[in-house]
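**Q** This is the structure, below, for whatever I ask next.
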Amino acid sequence: MTAAYIVGDSIIVGIDSIVDAAYFEGMPKTERKWNATDITDQTGRTAVVTGANSGIGLATVDALARAGAHVVLAVRDLRRGEAAAASVRGAKGSVEVRRLDLADLASIREFATGWRGDLDVLINNAGVMNVPEATTKDGFEMQLGTNHLGHFALTNLLLPHVRDRVVTVASGAHRFPGARIHFDNLNLSGEYAPMAAYSQSKLANLLFTLELQRRLTEAGSRVRALAAHPGWAATNLQGHDASVVRRVAMRVGNRVLAQDDRAGALPTLYAAVQDLPGASYVGPDGLGEMRGAPALVGRSRAASDPESARRLWTVSEELTGVTFPQLADLIRTTGA
């Protein structure tokens, strides 16, 4: 697979191997490209989408609501969330806004404690990218804390309510040269680099999905864990890059190479509604997985390592104080 990366203030192109191509070889292929109009009726289903104020999060909300789902926009800024919800017009389903700050474990616990009833789909979409060095309210490096640890805590706290699946939005940046989980220095203290932190957080998303699926299967639950990435989508995510040069390069790329947020949301939507195996990873089917229709895609060797996935899970439990739910809770809520 060909993929573009930004290193320092330069853009380079690298060639990555797809390590699990054999897994997908037997999957059926269709000539017609899947799009949001192919979403089956979602009436009676409830979804939570984090980071739904704009971009692919809002596009995901819009598509699911139009298909009949009740969609909760889990957002940090309620004012912006209400404005986003108001932009979803003519939908068959309904939308609701609730506050959630993924950089604050107290906010995550408050959101989860306030949840009542079934939750069919949890979409872990929120994220920050290449931001200057900063920490969450609980002292975690901002990108790992928001992109991974926040969603780790949220997922495990909500899991007793989840009836169908958890979809976590990852990124092709997990293939960034040298990307790894810095178990000896997760906060990258004294060696912080925005892209290294971002790639670590996106690699963590995929390892989280892998281990979550293993635990669900072991528990006898029918809930599935899947991951998706949007390719290169023109959103606000790139606007907070720590490097001015990269911000300019991203703006040019958004105009020349990127697909719009609705197209960028298609892999997430595909993972949220299609009948796919647990631990599947969905991305665009075009060159370098930068744009195109949603399809099952591969991931790096590092993202396929079950031992790293287990180790990251253990560390994440220690850092957040949140653990995998008891088997009885999962059986009671999913009917497994």
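**Q** Identify the residues of region 141-175 with backbone N under 14 Å of a label point that sits 7 angstrom from the Cα of Val131 along the Cα-to-Cβ direction, or state none.
**A** Flagged as within label range: 141-151.
**Q** Just to compare against my own numbers: the Cα pair-distance distribution for region 80-152, 10 Å bins, whole % per bin, please.
**A** Bin by bin from 0 Å, the calculated values are 17, 41, 32, 10, 0.
**Q** Using a cut-off of 25 Å between alpha-carbon atoms, which lysines can reach Lys33, once sequence neighbours fewer than 8 places away in the same chain are excluded?
**A** Qualifying lysines at Cα under 25 Å: Lys92.
**Q** Starting from 0 in steps of 10 Å, tell me what percent of the Cα-Cα pairs of region 93-231 lands in each bin.
**A** Calculated over all Cα pairs of region 93-231, the distribution is 12, 41, 34, 12, 1 percent.
**Q** Hey, can you rank 152-158, 220-226, 172-178 by average C-beta count inside 10 Å, highest first?
**A** The packing order, highest mean first, is 152-158, 220-226, 172-178.
Coordinate-derived values only; no laboratory data. All values reported here derive from a predicted model rather than from experimental measurement. Neighbour counts are summed over all protein chains in view; Cβ atoms, including those assigned to glycine, are modelled from backbone coordinates with ideal geometry.
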